[in-house]
1. Starting from the Cα coordinates of the chain, work out the convex hull volume and express it per residue in Å³.
2. Cα to Cα, under 24 Å, and not fewer than 8 places away if on the same chain: which lysines meet these conditions relative to K30?
3. Using 17 Å as the cut-off for backbone N distance, which residues of region 37-61 belong to the label zone defined by a point 7 Å from the Cα of E72 along Cα→Cβ?
4. For the chain, give the magnitude of the charge dipole about the Cα centre (Cβ charges: +1 Lys/Arg, -1 Asp/Glu; no others), in debye to the nearest 20.
5. Could I have the simple spin-label model distance between K41 and L28, label points 7 Å from Cα toward Cβ, reported in nm to one decimal?
6. Give the calculated FRET efficiency between N50 and E81 to the nearest 0.05, with a Förster radius of 41 Å applied to their Cβ-Cβ distance.
7. Using the heavy atoms of the protein chains alone and a 1.4 angstrom probe, what is the accessible area of the chain per residue in square angstrom?
8. Do you know the relative contact order of the chain, to the nearest whole percent, from alpha carbon pairs under 8 angstrom that are 6+ apart?
Amino acid sequence: MKVSGIHLNRPDLHNIAAELGIGTRDVLAKDGILTIYNTSKACQEIIDDNALVSFISMALEIPAEDISELNEVVEEPVKIEFDPSDFEDEDDD
């Protein structure tokens, strides 16, 4: 989601995490874009009730109108492939 008219700082992110019942590592802000990883049952209930914007606006003490472009993003796992022989020690002979 985008948050306009405010520069988010670390205490803001901590407040959001506390309000949503998630870890502080699950709230990120960069270039005015706020990313929230849904990692708790309480957060899922808030999302299911369509109340995420309200909770964020309360945590930041800003009008809900300053929050826009709310998009759900599903992360896709990335398969990492490597050759175990690349990690063998040549001195084991």
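1. Per residue, the Cα convex hull of the chain comes to 157 Å³.
2. K2
3. The answer is 37-54.
4. Dipole magnitude for the chain comes out near 1140 debye.
5. Roughly 2.8 nm, to one decimal.
6. Here the calculated transfer efficiency is 0.55.
7. Normalised by residue count, the accessible surface of the chain is 78 Å².
8. Reported as a whole number, the value is 31 percent.
The values are calculated or read from the model by the stated rules, or taken from the named source; none is laboratory data. No experiment lies behind these values; they were computed from the predicted model shown. Because the Cβ atoms are built from the backbone with ideal geometry, glycine has one as well, and the counts that use them run over all protein chains shown. These area figures cover heavy atoms from the full protein model, side chains too; ligands, DNA and RNA do not enter into them. Shrake-Rupley method; radii C 1.70, N 1.55, O 1.52, S 1.80 Å.
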